[in-house]
Structures are given as structure tokens and as C-alpha cells.
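Just below is one structure, and these are the notes that go with it.
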Amino acid sequence: MCLPAVGSIATVALFPLLWAGWESLHVHDLRMPWLGRPFVGLANYAEAIGDARFRAALAHTAAFAAVSVTLELVLGTLLAVALDGARRGVARTAALLPWAIPTVVAALVWRFLFDGPASAANEVARLLGLSDAPIVWLAEPWLAWVPIVVADVWKTTPFVALLLLAALQNVPAELVEAARSDGAGAWQRFWHVSFPTLRPALLVALLFRALDAFRIFDLVFVLTAGGPGTATEPVALYTFQVLLRDLRFGYGSALSMTIFLATFALAWLYVRLAGSELLERER
Amino acid sequence: MASIRLERVSKTYPNGHAALVDVDLEVADGELVVLVGPSGCGKSTALRVAAGLEAPSAGRVWIGGRDVTAVAAGERDVAMVFQSYALYPHKSVRQNLDFSMRMRRVPRAERERRIGRVAARLGLERILERRPAELSGGQRQRVALGRALVREPQAFLLDEPLSNLDARLRVDMRAELARLHRDLAATIVHVTHDQEEAMTLGERIVVLREGHIEQVGRPDELWRRPATEFVADFIGSPGMNWFDVRVEEVGEAVAIRADAFELRPDPAALAARPGPVRLGIRPHDLSIGDPGTGASNARVEVVQSVGGTRIVWALLEGGGRVCALDSGDRALASGAAVGLAFPCERLHLFDPGSHRRIEGPACIPGNATP
Amino acid sequence: MKRLATLAALAAIALPLWLAATASLSPEARLFEGPVWLPRELALEHYRALGSHGDFWLGLRNSLVVASLTTALCLPIGALCAYALARLRFPGRAVLLAATMATAMFPQIAIVSPLYLLLRALGLVHTYPGLVVPYVSFALPLTVWLLVGFLRQLPAEIEQAALLDGASRWRVWFEIVMPLAAPALAATGILTFLYCWNEFLFALSFTLGPERQTMPVAIALLRGQYQIPWGTILAAAVVSTAPVAALVLAFQRRITAGLAAGAVKG
């Protein structure tokens, strides 16, 4: 019964992965087919380590993931708490909307808001007194990250909130009431009563968001194309360039495998540390 | 109809839990056997093994003289009524009844005929087009029963079919089941946790506990001669009165001594050796009389009236609480002093170590009161 | 306090979309004056301009085709597999489930090149199957997970009753389980459809031009003659998103139930 599913996944996911692994051990440059496909062992990986652009991309990705995921979890929790008790339909609608919108479209909208003819972001900055002159967000290496982070947080925080809300609604109401009548303030009620129930959900959200953040591509491609220069280039985008623009399949495969191993290690480490809690959730 | 046999069946789950241990059980063709016991005793597991929904870890299953241990559930031609009824929620009552016959490719005319007959028998005619969600608990139960009847199987397996009904319906449906059994001469294995249901329905009763068979027998056998302490305690409501007593030799005679009373049974009939023993006597067998009559005096604590009988709880002089049933007219108020008689032939003695029945005791001939 | 925070949060979520929508409905010149908090005049010029961008409409068509095909394939395949995983006992079951889940965590970028070469070898680059097959494979883990979670909650006794009645496993799956799984199937179907609608990397890599490019790619590559045609782009955004948003809003309860059952990534 499982055969079609398994066959499909094996063909499209596992097999190419193995192939990529194999490729990464060769030189395979489609622009220079006369070179053939010589086996070079780990030379591609050595090149990757020495590749400053790749290292930069790794740094970008890690930093982005850290900042973005933290913001999403914190804001998501706050939002979940705020929505807890609100009318169901409203909460769900609001939460699902950014998630339902294709990433590309969201990226375009945010690019418009930051870099459009009359940037709304600049308006806000002006109103907040942050700056008088119009800011060209996408021209500054550091500033260019702002729209990316904002867009990612906007898109996924409501969804995280929805997941946490589902967990929050499992908190027994009597417990909260008991805490309240015991004199616990709002923060204490949250920390001692709601948070423990929330923890497993948070851990799951953390894992998935971290993995997603690490793989970020669509958003950056449309918002900044990795620019200015390569200042906002995450690993996925760089690998994409190498593979499908530079057509260096061997080297690109090495980069891909590195990313894959990194995410795999991340997930594995994560499951080791938080595994028992995750498995309990499964029950 | 067919006979069913579980031959030395054991079932152990991967997590180590032994649901059935070496259970050997035979249901004759056309017999109504009740499997009874507390939760977790394995009665439902035994049923499911018979049905083919679970494979035994050891042993064999025979249906109609055929070894069906390796035969799939759908091929065994037994019908099961689940405790939760397990009706197909998205199908109408008619479609529920129809399903099994369609699977066997019974021709349409015959299907219609059987549905008509069963619907008439169980009073389902008016709800044939409804869905299970629109039915009451009692109606659903009858549809579940109907689904089994329509199949005209070799045997019926009923897994606590009455447990989810309210008290009145339950009693009515018990009678209905008995009628069905009589009319169809059906082989029925009925599982319940309710000992009263077991006693009223079963031709033979199998008492199970923690995967083992404690006793198999007719209701009156279980009542009068329970084989183990567990069976004695499980059967009968209100439950058995228990005392830890000592059997002592007094010269040529034998005495059963407790703090609150002393009894003198016939030494010839008693198989017990001197030593500690568990004594049980049913509330139904104790007689309440004036203080001084009987083996012990007691003070009445609580009296509960149930119809024409009274359940009397009393504290024995010398210690110990006792429960007795009384259908008499004497005034029994809380605090009243009474005498309790312990008829020797109604005593149940059990070995404290093995919990098995000790034969005897009987009264000394000519001496009705101990 | 909570009420205020909730409102602020909802505003923050809705605002960007609102601004985009109003901008798309404002005349070109107005766009340069500042953000359109409240539109004073409504103009349809951007939408009309969109009409002449054939690529965009092709993109919509392609997205519709690919998403529909993928969903239509993914559901039965996934449902079959989910049933086997949920109910049948066979060796390697746990491993299979774990492996299925693992593929959902793949960084797609790692697969792009070999998959491209594979598709090229099969002549499937720039075709519908060339997108549908990878999409099905990547949507399957989600489908399977959600359905396994749902199926485990179905009372097993109903299926056992059917088996006793003489039905085969396949019949049980088809006639008993699938109808009961309808809500979960609907939720999963919607999620699969959304995944395809949203997918960018594969669509970008495996197609060569507007004939087969899906909507996200078409929009991303929308370029004007001299400058970025924001008005048109926003109009395209509205047109491509509105139906999907409507779908999601109509089924929001189903979707959240489905997601809560599996608690999966977005």
C-alpha cells in the first residue's frame, strides 16, 4: 500500500540526494563540458571552506536564523497569549492570511513598502523620528537585512502563534483560575501555569522554524537578490547561483551537501537534546 | 451454528502484558456462554482471538470443528457486536445491515428479505434510512445486533453489548438476548463485567481474572460452590462477608473460631486441617433473629430497603462488620440488637495461601443451629 | 489591555496587505506621493495594464494546472500510505514514517541540481510532469503525516467490524475509512494546493520560460521597460492572492484543525 508513496519519495528525494553526494566528489562544470567529470575526492569541499563568499553566506544565514526565529517565537508567544480567548474566527483568519500568501508575493509587497516609489517604511521612520532623509534600505549592507527580517517575521509569526494557541488552549482553565485566586499576577500566571504546557509546542516550533530559516531562498531572491552585492546572500541563494547560473554542478553539489549535512546535524542535535519531549508530544 | 474452542490460548502483547494465559475454553453448538470478570481480565481479548481480530501468541482456535487459527477474521463466519457498536457512521441503518451481505455477494432479493426480517424482529423498520448519529443509544444497540443477525453466522460474539445502555433498557435487552438465543438456537459467547448479567443470561459462565480462568460452571454451581476466593467474592451482590478464622480441634469435634463467633460444623465432612482459614458467607444466607439466637449478636448500623428486601449492615459483638439480607417483617432500626445465625452448609471456606475452596462444611446432623 | 494588544497585532498583520491593495487601486502618480493609507480615488489602470502581461496569466494557468494535478495525485497516494502506516503492522514501519518525515526537512537546494539533471535526462524540463512529480514527492510527507495523525484517532473498531463483515483491507480503506477521513482529506488537499501555489525554487529551476512557469516565478520576473512597475506588480499580487486567500478563509477551521493535529511547519 505504501509503495507508490515510498517509490515517489525515494526517486525524487533520496536518489537525487545520493546523486548530489556523488556529484560533490567530482568536477562537473556544464560550461566546460570538455573537462569531462573527473573524480576529485574532497577537493570541492576544500574549496568551499576556503570560499570567502560561502563562509559569508553561512554567517548571514546563521545570524538571520537566530534573529528571525527568536523574534518569531517571542512575538508568536505574545500574540498567542493575546489571542487566547479572542473569538476563534478572527484569530484564525488573521493568523492564516500571511501564511497563505505566497512567499514571493509577500516579498514583493514588503519590497514595495520599503523600496517602493513612496516607501511606507520611510514614512514610519520619519514619524518615529528615526531619520529625516529618505532611507534607501536596499543599498546599505546592514539595512538591507531589515526588510528581509521584517518580512519573514510578518509572514510566519502569526502561524507560530496559531500553533502555540492550540497548545495554550490545552492549559486547564481551572489551573489558571486557581493561580489567579492565589494572587499570582499576569506574568506569574503565564510563567508558571501556561508556559510549561507551551514548552513542547515551542520546541517543535523552534525546530521547524530554525530549519526553515536556514533554507531561506524565495524571500531573499525577490527582496534583495542577495544584494547589495552579496551582503544579504544566504547559503541557499549562493548555491543556487553556483548551480544554475555558473553551472558548476560539482562544486554546487558540494555546497548543497554541506547545507544538507548542516541541517541534518541541527535536527539530530535538536532531537537528542529535546527528543524525549518531542516524542511525548507524539503520544 | 457451530461450536467454538479456544485451545490453550495465550496472548502476550509486545509490551510484555499477558492478556491471556493458557486459556482453554469450549462453547458447545447452540450454547450461550458468558465470559465475566473485572476490567483487564482478558475476556474481551479472548473474544477477539475467537473472532480473528487478534492472533494468539500460543494455542489454537477452533470453530465448527475447523482449525481457524490462521484464518482471517472475515472468513470465519462469526459475527461480533462491539461494545461501542462500531456502526458505520456515514451509512444509513439499511446500508449498515446490508454491508456484510454485499461483501459476501448475497443476491439483492435475499438481502432485502433478511433486512426486512431482522428489522421486524428488532423494531428497526422506521429507522432504516437514518444515520447512526440520529439514533438513540438503544436504537444503535439494536442496529448493531441486527447487523450481526443479518449475517446468519455460525456464532455470535457479543462484547459487552449492554454495558452502554441505561439500567432499564439493559434489563429489557437481556431478556431479548435470551429470547434470541432460544429462537435461533444460536451459539453465543457473551462478554460482560457485570456478574448479575452473567448469572441471569449464561447457561455456563466462565470467570476470568488476569488472563486466567478461575472457574467454569453453571450459575448455581458458581453460587453454591465457588472454586476460588475470587469467584466467591465476585459473584453475588451484595458481596460475600469475609472473616479470617481459625479451625481448631476441640477433642473429637472441630471448631471454627473468630473473634465474634464460634461455629461447630460436622467434623466428618470438613476437609480443613487446623490452622487459619478464610471464611465467607453470603448476606443471602445469614438469618436475622432475636439476640441470643444464632452464633453471634450484633448491633444494626444501617438498613437499606430495596423493594421487598432489606439490606442490613450490622456490627458484630467482638468486632467485624457484616451484611445480611432480610425479607422479614421484624422491626430493624439503627442501633437495634439482633442475633445472626450462620448455617454451616452455607459456609465457604478457602485456603489462605492458595485461595482455593476447602470442601465441607456441613452441619452436625440433628443440630440445625451451630 | 489584551484587547488592545490583539487589535494592534491584527492591524500589524493586515496593514501591509491593505497598503498593497490600496496602492494597486491608485493611479500611478499617486504612488509617488506617499503610502496610501486611505485611497481617495480608485483607478483600475494597473489591472488593465496587467491584462497585457501575457506571462502573468500564463503563470496563473500553469499554477492552477500544476497545483490541481499535484493535489489530485498526492491525496490518494498519501492516503493509501497513511492508512498502511496507521493500521497495518509490518516490519520497518517506524523507520518508514521517520524517513518520510525526514524528507520534509530537506533543504530543497540540495536536490535541485541532481533533480534538474534527472529531469533533463528524462526530457521533463519545462513540462508539467517535470513539476508535478517533484511537488508530489515533497507534498507527500506532509500529507502522510496529517492523515496518519487523523487516522490514528478513528476508532479502530469500525474497521474491525468491516473486516469481520468480510471486507478486504482495500475495501475497508476505500468504502469505510476514506469517507470518514473526508474532512482531513479536504484540509490536506488545501494545504497541498497551497504548497504548490507557493513553491518557487523548483518552479524557477525546472522551467525555461513563460509557457510553463508558475505564478510565483511569473510575478518575480515581472519587469517593466525602465523601472519596476509597482502598480502592475501589486495588481498581480492581488489577483494571484485573492482567490487563494478566499479559499483559506473559507476553510480556516478545517485547516487549523488539520494543522493542529499534526503541528507541522508552515
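A short reminder: the numbers here are calculations on the coordinates, not readings from a lab. Please read all numbers here as calculations on a predicted model, not as lab measurements. Don't worry about glycine lacking a Cβ; one is built from the backbone with ideal geometry, like all the others, and counts go over all protein chains shown.
Overview of values
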| read-out | value |
| --- | --- |
| Within chain C, longest stretch clear of exposed GluC sites (Glu not before Pro) (DSSP loop, no more than 13 other Cβ within 10 Å) | C:42-210 |
| Chain C - percent relative contact order, Cα under 8 Å, separation 6 or more | 31 |
| Charge-dipole axis of the protein assembly as shown as Lys and Arg at +1 and Asp and Glu at -1 on Cβ define it, positive-most pick from C:L7, B:V312, B:V206 | C:L7 |
| Shielding by partners - mean other protein chain Cβ count within 10 Å, residues of B:52-61 | 1 |
| Assigned charges on the beta-carbon of Lys, Arg, Asp, Glu; chain B dipole about Cα centre (debye) | 1980 |
| DSSP loop chymotrypsin sites (Phe, Trp or Tyr not before Pro) with at most 13 other Cβ within 10 Å excluded, longest remaining stretch of chain C | C:38-225 |
| Trypsin sites (Lys or Arg not before Pro) within region C:17-113, DSSP loop, no more than 16 other Cβ atoms inside 10 Å | C:R40, C:R89 |
| Estimated inter-spin distance, C:A156 and A:Q188, nm [label 7 Å along Cα→Cβ] | 4.7 |
| Residues with amide H under 5 Å from that of C:S26, placed H, sequence gap 5 or more | C:A43 |
| For A:240-249, mean number of other protein chain Cβ atoms within 10 Å | 3 |
| Distance in nm between pseudo-label sites at B:S136 and B:A185 (7 Å out along the Cβ direction from Cα) | 3.6 |
| Relative contact order (%) - criterion: Cα under 8 Å, at least six apart; region: region B:4-232 | 29 |
| Proxy reagent accessibility, fewest Cβ within 10 Å first, across A:T77, A:T258, B:T69 | B:T69, A:T258, A:T77 |
| Value at 222 nm in deg cm²/dmol, rounded to 500, when DSSP H runs of n ≥ 4 in the protein assembly as shown each add -39,500 (n - 2.57) | -16000 deg cm²/dmol |
| Which of B:P276, B:G289, B:A337, positive extreme of dipole for region B:267-363 (C-beta unit charges) | B:P276 |
| Check: region B:94-180 dipole with +1 on Lys, Arg Cβ and -1 on Asp, Glu Cβ, in debye | 340 |
| Estimated FRET transfer efficiency when R0 is 41 angstrom, pair C:S52-A:W142 (beta carbons, to 0.05) | 0.55 |
| Backbone HN-Hα couplings from phi across region B:199-210 [Karplus 6.51/-1.76/1.60, Hz, Gly and Pro as x] | 5, 7, 8, x, 7, 10, 10, 10, 9, 10, 8, 6 |
| The protein assembly as shown shape via C-alpha gyration tensor axes, a/c threshold 1.5 | prolate |
| Contact order normalised by residue count of region B:239-358, Cα under 8 Å, 6+ apart, percent | 28 |
| Highest to lowest packing among A:206-213, B:303-310, scored as the average C-beta count within 10 Å | A:206-213, B:303-310 |
| Residue order, fewest to most surrounding Cβ atoms within 10 angstrom, among A:V124, C:V65 | A:V124, C:V65 |
| Backbone HN-Hα couplings from phi across region A:227-242 [Karplus 6.51/-1.76/1.60, Hz, Gly and Pro as x] | x, x, x, 10, 5, 10, 7, x, 4, 4, 5, 4, 4, 4, 4, 4 |
| Residue order, fewest to most beta carbons within 10 Å, for B:M1, B:M101, B:M240, B:M80 | B:M1, B:M101, B:M240, B:M80 |
| Rounded Å value of the spacing that divides the Cα centres of region A:198-249 and region C:116-184 | 30 |
| Only Lys, Arg (+1) and Asp, Glu (-1) charged, at Cβ; region B:124-260 dipole about Cα centre in debye | 840 |
| Other-chain or far-sequence residues with amide H under 5 Å of B:S287's (modelled H) | B:A341 |
| Long-range HN-HN contacts of B:N241 with modeled amide H, under 5 Å | B:I281, B:R282 |
| ³J(HN,Hα) computed for each position of region B:53-58 - Karplus, 6.51 cos²θ - 1.76 cosθ + 1.60, integer Hz, glycine/proline x | 7, 10, 9, x, 6, 8 |
